[in-house]
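The values are calculated or read from the model by the stated rules, or taken from the named source; none is laboratory data. None of the values given here were measured: they were computed from a predicted structure. For neighbour counting, all protein chains shown are included, and Cβ atoms are generated from backbone atoms with ideal geometry for every residue, glycine included. The area values use the complete protein model at the heavy-atom level, side chains included, leaving out ligands, DNA and RNA. Shrake-Rupley method; radii C 1.70, N 1.55, O 1.52, S 1.80 Å.
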Amino acid sequence: SSSSAAPPDVEGQLTIEDALRLAAAHRPLLAGARSRTEELRARRREVQGELLPNVDLQAVRVGGLSGAKGNGLQIAGVVSSQLVRDNAAGVNIRQRLYDSGEIANRKRALSHQVQSAQADELTNLRQVSLEVVVAFVEVQKQEALLALAGEVLEQRAAFIGQVESGLAAGLRSEVDVKLARVQHARARSLVFTARARRDQAWAGLRRAMGSP
């Protein structure tokens with residue numbers, strides 16, 4: 001029935017695995033922790049690279065105009081008949097041969113920070129996972145309560161029909177009809193309350209998953 005249907009923007013059957021996967025992908029808390037860990041790893045790689053050889057490539061290109069005098073080429077009395085070019089290339093390799101301990105200490109400190117960031121990332125993941133599981137269970141409970149309230153409402157509606165038929169046959173009184181209608185109104189109110197609580201549970205689950 002429409003009283004127990006899921007909220008309009010929820011499509012398909014969401015599993016706990018889906019909810020955990022969405023939270024891991026979209027929760028800002030987890031994204032920030034992953035970014036912090038990657039930043040520290042990158043800084044550690046930079047420090048490690050300071051002990052590796054540094055290679056610089058250099059290239060020089062020198063050109064002379066066609067018909068230039070030979071003395072410009074340090075060859076007296078010779079006239080060039082074509083464009084003269086001279087290309088030169090060089091490779092410079094530099095490596096730090098001695099470290100007083102500064103790089104090693106920086107690397108060690110960054111390694112500790114990476115481990116700490118990884119521990120924080122795991123802690124945050126466990127916290128978010130727990131929030132998702134609690135919210136998911138709450139959604140399941142409220143969905144079940146809403147379905148039960150819908151069934152009760154349908155039963156109360158059918159009972160009104162029975163009482164009214166009994167009244168027409170002289171087997172029921174007006175009081176019975178009024179009581180049946182009161183019970184139906186209460187059941188309908190319970191459905192409204194259950195639906196509102198169900199929607200609140202879904203909103204909590206969406207927040208736990210990092211959805212708007």
Criterion: under 36 Å from the mean Cα position of the chain (by Cα), more than 30 Å from THR37 (Cα to Cα) and acidic (Asp, Glu) - qualifying residue of GLU143, GLU131, GLU154, GLU164: GLU143
task: Considering only region 105-160, state which residues are open to solvent by less than 50 Å² (accessible area, probe 1.4 Å) and modelled with pLDDT under 85.
output: ALA109, LEU110, SER111, VAL114, ALA117
From GLU143, GLU151, residue being assigned to a helix (DSSP H, G or I), touching a helix residue (DSSP H, G or I) at 6+ places or on another chain (Cβ under 7 Å) and not hydrophobic (A, V, I, L, M, F, W, C): GLU143
query: Can we say LEU14 is open to solvent by 40 Å² or more (accessible area, probe 1.4 Å) and either at pLDDT below 60 or not in a strand (DSSP E or B) (or both)?
result: no
task: Could you give me the residue pairs with C-beta distances under 7 Å whose first residue belongs to region 151-163 and is over 13 Å from ARG188 (Cβ atoms), whose second residue is of a type in the set (D, E, K, R) and in a helix (DSSP H, G or I) wherever it lies, and which are 6+ apart or on separate chains?
output: VAL163/ASP176
task: Give just the number: which of (1) out of contact with any helix residue (DSSP H, G or I) (no Cβ under 9 Å at 6 or more places or on another chain); (2) closer than 30 Å to LEU40 by Cβ; (3) among the aliphatic types (A, V, I, L, M) does VAL132 not satisfy?
output: (1)
